[in-house]
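Before any comments, here is the structure.
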Amino acid sequence: MDLLASLYADKPVVIFSKSTCSICHSVKALIRSFGANRTDIEVDKMANGEQIERALIQLGCRPTVPAVFIGQRFIGGADELIRLNVQNQLAQLLLSAGAIFLWRP
């Protein structure tokens with residue numbers, strides 16, 4: 001767990017993804033549509049990517065990516081992020097985390 005915490009600490013939005021994952025691309029596009037400051041971690045391009053994926057599994061990520069952290073809090077994968085957006089809660093989370101500074105739907 002400490003490995004993950006070191007990667008998402010002090011960052012408003014962190015998305016663990018794989019470069020070939022189309023769902024990951026969609027999640028990144030959704031976050032980008034808010035103009036959010038985000039950090040993408042492509043686990044398939046990292047030497048310790050398998051270790052990171054094992055840590056994500058311990059968090060309950062199945063599949064392991066995308067895994068989204070907002071304000072150092074694990075939000076979940078694509079389903080959870082889309083649910084928050086449909087419920088008009090995603091913008092508020094991004095505001096609270098300092099990923100965006102102004103939002104008008």
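The values are calculated or read from the model by the stated rules, or taken from the named source; none is laboratory data. It should be emphasised that the depicted structure is a prediction, and the values quoted were computed from it without experimental measurement. Cβ sites come from the backbone with ideal geometry, for glycine too, and all protein chains shown count toward neighbours.
Brief remarks follow.
- Top-ranked residue of the stretch 33-67 - restricted to ones that are in contact (Cβ under 8 Å) with a residue 40 or more places away in the chain and of a type in the set (Gly, Ala, Ser), ranked as nearest to residue 98 (Cα to Cα): 36
- Looking only at the stretch 1-18, residues that are acidic (Asp, Glu) and either in a loop (DSSP other than H, G, I, E, B) or surrounded by 20 or more Cβ atoms within 10 Å (Cβ to Cβ) (or both) come to 1 in all.
- Qualifying residue in the stretch 21-28 (condition: more than 11 Å from the chain's Cα centre (by Cα), part of a helix (DSSP H, G or I) and hydrophobic (A, V, I, L, M, F, W, C)): yes
- Unique residue being buried (at least 17 other Cβ atoms within 10 Å of the Cβ) and β-branched (Val, Ile, Thr) when the list is 52, 57: 52
- Test: residue 55 is at pLDDT below 95 and in a helix (DSSP H, G or I): yes
- Counted residues, the stretch 29-43 - those being surrounded by fewer than 14 Cβ atoms within 10 Å (Cβ to Cβ) and part of a helix (DSSP H, G or I): 3
- In the stretch 19-28, the residue that is surrounded by the fewest Cβ atoms within 10 Å (Cβ to Cβ) out of those that are closer than 27 Å to residue 88 by Cα and among the hydroxyl-bearing types (Ser, Thr, Tyr) is 22.
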